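Asks: Would you mind keeping the following structure in view while I ask a few things?
The values are calculated or read from the model by the stated rules, or taken from the named source; none is laboratory data. Nothing here was measured: the structure is a model prediction, and the numbers come from that model. When we count neighbours, we look across all protein chains shown, and the Cβ atoms used for this are built from the backbone with ideal geometry, even at glycine. Remember, those area values only see protein heavy atoms, side chains included, never the ligands or the DNA or RNA. Shrake-Rupley method; radii C 1.70, N 1.55, O 1.52, S 1.80 Å.
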Amino acid sequence: MFSFFNKKNKYPVPEWASFFTEKEFNDFVKELNAYFQPKGISPDLEAGLVIVNDQEFGAEQLGLYNLAQICKQAPAKHYKEIVEGHFNGLKQANRFDQSFSQVENDFEAVKQYIGVRIYNVEYIDQLGKEFTIGKFIADDLYAILVYDLPDSVRNIKPEMSGRWNKSTEELFEFGIDNIRSAYPADLSKEKLGNLEVWFGQGDHFFVPNLIFDLDKYPDFTGTGGALVGIPHRHACIIYPIHHIETVTAINALIPLIHGMNSEGPGSLSDGLYWYKDQQLTRLPYQIDNGKIEFSPTEEFVQLIQGLK
């Protein structure tokens, strides 16, 4: 663990925060110091965690990765308000959760808060699938039922389905409808070189839920479906598959998705997906020394070969 309270230290940038320059990282640490030093807490900067010794925040370990990504997108002069807003929000969310738990068994009282959110399966594995109600939507993407509360989003425990006497499919339909109504995405068609690509964007966490509605937008899918990227929680990229220009789109979309996923905040997946018949299939690739090595499925190769 780095010696946190020595203000003269210059902290090397750990791997988890490699998107920071050294100055940006040290500005970030400075604001963590200002927030936690009065509490006698020393963050573990190597692990990207803050270990707290009370119940004020509602958890014993507070991750720094997403907070750091948010700071990266802003000038250093705003780090203080971002850090304070983040951790004060956690405290406020914890206070709400304590009162919410008193009415949680009453479906009519909580139904307005039920939603669906998409996560990378690695996060869900850390959380524990057994503590969620969810399903795979791709090999590395997992959608779970959540409470979308005023100051936080948290998973709904499996036992709630029985207490409410609702099936998983009923709750998913309910949650998707709630998020669709509460969090519309800003949709725009943008130029990417000579290509036209659809972008869904928003400052909330649910832009990736657009994939549940692709068939509702005729412009989003072509005769061969669509190429889809979900780099982070604030973006969804869609390219309808109509003709052989799709090959050019693949080479343009992969570095775009990869870069956006690296920058975050709220990184989700660096994958390129093929959407067809309400199914997402990951199209594997690697970037080696700036070169893209694309390894599509046999079914996708057959699709490309059949395009005009």
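Asks: Leu268 passes all but one of (1) more than 21 Å from Val121 (Cβ to Cβ); (2) within 24 Å of the chain's Cα centre (by Cα); (3) open to solvent by less than 60 Å² (accessible area, probe 1.4 Å); which number fails?
Replies: The failed condition is (1).
Asks: With the requirement that a residue be open to solvent by less than 10 Å² (accessible area, probe 1.4 Å), assigned to a loop (DSSP other than H, G, I, E, B) and not aliphatic (A, V, I, L, M), what does region 207-237 give you?
Replies: Correct list: Gly224, Pro231.
Asks: Quickly run through region 238-254 and pick out the residues that are part of a helix (DSSP H, G or I), of a type outside the set (A, V, I, L, M) and open to solvent by 10 Å² or more (accessible area, probe 1.4 Å).
Replies: Correct list: Thr248, Asn251.
Asks: Do you know which residues across region 68-81 are in a helix (DSSP H, G or I) and in contact (Cβ under 8 Å) with a residue 40 or more places away in the chain?
Replies: Of everything in region 68-81, those that are in a helix (DSSP H, G or I) and in contact (Cβ under 8 Å) with a residue 40 or more places away in the chain turn out to be Ala68, Gln69, Ile70, Cys71, Lys72, Ala76, Tyr79, Lys80.
Asks: Looking at (1) open to solvent by 60 Å² or more (accessible area, probe 1.4 Å); (2) in contact (Cβ under 8 Å) with a residue 12 or more places away in the chain, which one does Trp16 not meet, given that it meets all the others?
Replies: It fails just one condition, (1).
Asks: List the helices (runs of 4 or more DSSP H) inside region 86-186, counting only whole elements, that have at least 2 residues being of a type in the set (Phe, Trp, Tyr) and closer than 27 Å to Leu49 by Cα.
Replies: So the answer is none; nothing clears 2.
Asks: Could you give every pair whose Cβ atoms fall below 7 Å, whose first residue belongs to region 110-132 and is touching a residue at least 12 places away in the same chain (Cβ under 8 Å), and whose second residue is open to solvent by 90 Å² or more (accessible area, probe 1.4 Å) and outside any strand (DSSP E or B), counting only separations of at least 6 or pairs across chains?
Replies: That search, which allows pairs on different chains as well, returns Phe131/Lys157.
Asks: Please pick out the residue among Gln55, Gln61, Gln92 that is closer than 17 Å to Asn155 by Cβ, of a type outside the set (Lys, Arg) and without any contact (Cβ under 8 Å) to a residue 60 or more places away in the chain.
Replies: Gln61
Asks: Across region 137-155, what is the total count of residues that are under 19 Å from Ile211 (Cβ atoms) and more than 15 Å from the chain's Cα centre (by Cα)?
Replies: Total satisfying the criteria: 1.
Asks: Across region 276-293, which residue is least open to solvent (accessible area, probe 1.4 Å) among those that are hydrophobic (A, V, I, L, M, F, W, C) and over 12 Å from Pro255 (Cα atoms)?
Replies: Leu283
Asks: Among the residues of region 157-171, is any within 22 Å of Gly271 (Cβ to Cβ), touching a strand residue (DSSP E or B) at 6+ places or on another chain (Cβ under 9 Å), open to solvent by less than 40 Å² (accessible area, probe 1.4 Å) and modelled with pLDDT of 95 or more?
Replies: no
Asks: If you don't mind, another one. Out of the residues in region 21-63 that are within 19 Å of Gly85 (Cβ to Cβ) and among the aromatic types (Phe, Trp, Tyr), state the one that is most open to solvent (accessible area, probe 1.4 Å).
Replies: The selected residue is Tyr35.
Asks: Could I ask something else about it? Determine if region 203-211 includes at least one residue that is touching a helix residue (DSSP H, G or I) at 6+ places or on another chain (Cβ under 9 Å), under 25 Å from Pro284 (Cβ atoms) and not hydrophobic (A, V, I, L, M, F, W, C).
Replies: Yes, there is a match, as at least one residue in region 203-211 is touching a helix residue (DSSP H, G or I) at 6+ places or on another chain (Cβ under 9 Å), under 25 Å from Pro284 (Cβ atoms) and not hydrophobic (A, V, I, L, M, F, W, C).
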